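Only one structure is covered here, and it is reproduced in the block below.
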Amino acid sequence: MKKQCYIRGFGAFVPEKVLTNFDLEKMVDTSDEWIKTRTGIEQRHIVAEGQSTSDLTSQAAEVALADAKMNREELSHILVATCTPDAYCPNTACITEDKIGLKGRMALDLSAACSGFVYGLKLASSLVQTEEDANILLCGGETMSSRTNWEDRNTCVLFGDGAGAVIISATPTENSTAVVDVELSSDGSLRDLLTIRGGGSSLPYKVGQTVPDEHFIMMQGREVFKHAVRSMVGVCKDLMERNGLTPDDIDMLIPHQANMRIIEAVGKKLTIATERVFVNVDKVGNTSAASIPIALGQAKADGLLEPGKNILLTTFGGGFTWGAALLRT
Ligand code: UT7
């Protein structure tokens, strides 16, 4: 029989520096009004000079450890979902492990763009099945500002930096949250619609070359928008049906925080009332793989994860990748 797995601690961390829409008005040809109307975003957090993704994931991990009331020595695996790692090598999980004062664990980065955290939930749930006494630190962390073209108004207004973390374990505690089910999907034929291609083996840099635009996020926004809504709605319906739930049974929907219009469209098509849909995109922007764990960390800190609730997570990102997860508090 499959072992149930549980989230024992949640943590969110965003860097101190805030970049408002008014700040962006001074950088590119845009306006607070356009950004708010088209995306719902008012501000985003941006790392300070020298701060990297592992600084954010390690801080979120500390919050999750405190929330779980767990000794860090009990952690058995470190997983970090990111598309903006500190470096190509070593991975950000190893650096996070070091920054929280540990060594000797399995430490692995996961690459599934904005869907990385929900992909990580599935991987962590599988590890819990096979490993004795696993306590898995799963982080989603991004420094999107490092891969943002600050001259491209189509993308630079959308993204923010931050990290979230959870600790997943086979052992429940009084306030732990069950990971009931996860469903994932992908379609690589649509990979060029949302990409950070430059610097990879398909477009390597040459010594002395000026950094080309492909180093930064490139997106065909309208196409991504359509696929995002369709895919998230479809996977949520499948997951609810498989678990015998209707939209009325969902106490909180936490969609990937990409754009307020996408969030509203997903809620509406799933017939989940606005007041049951979690939103923080206005304050943090699109933080890619950090989006859902930041939302979870903030929901926990705000007392929104009381016992007995069905929480539906759904995500969509480059690849394309998408998925949904059902949690029971
Ligand atoms: O994390 C998962 C992946 N990302 C997403 O899910 C994002 C998905 N896409 C979106 O959220 C939206 O498509 C955007 C917010 C990116 C764009 O909104 P849109 O309503 O699809 O606008 P658009 O791209 O069709 O552009 C409309 C107009 C264009 O001008 P013209 O050609 O009509 O004259 C753009 O040049 O808005 C212009 N525009 C801007 N104007 C002011 C684009 N960006 C800006 C800007 N400020 N920042």
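Brief remarks on what is shown
Let's see how each residue does on (1) of a type in the set (A, V, I, L, M, F, W, C); (2) crowded, with 24+ Cβ neighbours inside 10 Å; (3) under 14 Å from ALA228 (Cβ atoms); (4) within 15 Å of the ligand (Cβ to nearest atom):
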position: ILE294; (1), (2), (3), (4): yes, yes, no, yes
position: LYS300; (1), (2), (3), (4): no, no, no, no
position: LEU304; (1), (2), (3), (4): yes, no, no, no
position: GLY308; (1), (2), (3), (4): no, no, no, no
position: LEU312; (1), (2), (3), (4): yes, yes, no, no
position: GLY317; (1), (2), (3), (4): no, yes, yes, yes
position: TRP322; (1), (2), (3), (4): yes, yes, yes, yes
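Matching residues to (1) open to solvent by 20 Å² or more (accessible area, probe 1.4 Å); (2) part of a strand (DSSP E or B); (3) in contact with a Pro (Cβ under 8 Å, 6 or more places away or on another chain):
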site	(1), (2), (3)
CYS139	no, yes, yes
GLU142	no, yes, no
ALA165	no, yes, yes
PRO172	yes, no, no
ALA178	no, yes, yes
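- Within region 237-252, tally of residues that are open to solvent by less than 20 Å² (accessible area, probe 1.4 Å) and either in a loop (DSSP other than H, G, I, E, B) or within 16 Å of the ligand (Cβ to nearest atom) (or both): 1
- Summed over region 78-110, residues that are part of a strand (DSSP E or B) and either in the same structural domain as ALA295 (by TED's automatic domain parsing) or open to solvent by less than 10 Å² (accessible area, probe 1.4 Å) (or both) total 4.
- Residue check: GLN220 meets all listed conditions (1) within 16 Å of the ligand (Cβ to nearest atom); (2) surrounded by 21 or more Cβ atoms within 10 Å (Cβ to Cβ); (3) more than 19 Å from the chain's Cα centre (by Cα); (4) not basic (Lys, Arg) but one, namely (2).
- Comparison of ILE167, ILE196 shows that the only residue that is touching a helix residue (DSSP H, G or I) at 6+ places or on another chain (Cβ under 6 Å) and assigned by TED's automatic domain parsing to the domain that holds SER58 is ILE167.
- Count of residues meeting criterion [of a type outside the set (A, V, I, L, M, F, W, C) and within 10 Å of the ligand (Cβ to nearest atom)] in region 223-236: 3
- Within region 25-63, tally of residues that are more than 10 Å from the ligand (Cβ to nearest atom), open to solvent by less than 30 Å² (accessible area, probe 1.4 Å) and either β-branched (Val, Ile, Thr) or not assigned by TED's automatic domain parsing to the domain that holds LEU158 (or both): 4
- Scope region 1-31; condition in contact with a helix residue (DSSP H, G or I) (Cβ under 7 Å, 6 or more places away or on another chain), at pLDDT 95 or above and of a type in the set (D, E, K, R); matching residues: ARG8, GLU25, ASP29
- Selection within region 127-137: residues that are more than 21 Å from the chain's Cα centre (by Cα) and open to solvent by 20 Å² or more (accessible area, probe 1.4 Å). The member of this set that is nearest to ARG72 (Cα to Cα) is ASP133.
The values are calculated or read from the model by the stated rules, or taken from the named source; none is laboratory data. What you see is a predicted model, and the numbers here were worked out from it, not measured in a lab. Glycine also receives a Cβ, built like all others from the backbone with ideal geometry; neighbour counts cover every protein chain displayed. Keep in mind that these areas ignore ligands, DNA and RNA; they rest on the heavy atoms of the full protein, side chains included. Shrake-Rupley method; radii C 1.70, N 1.55, O 1.52, S 1.80 Å.
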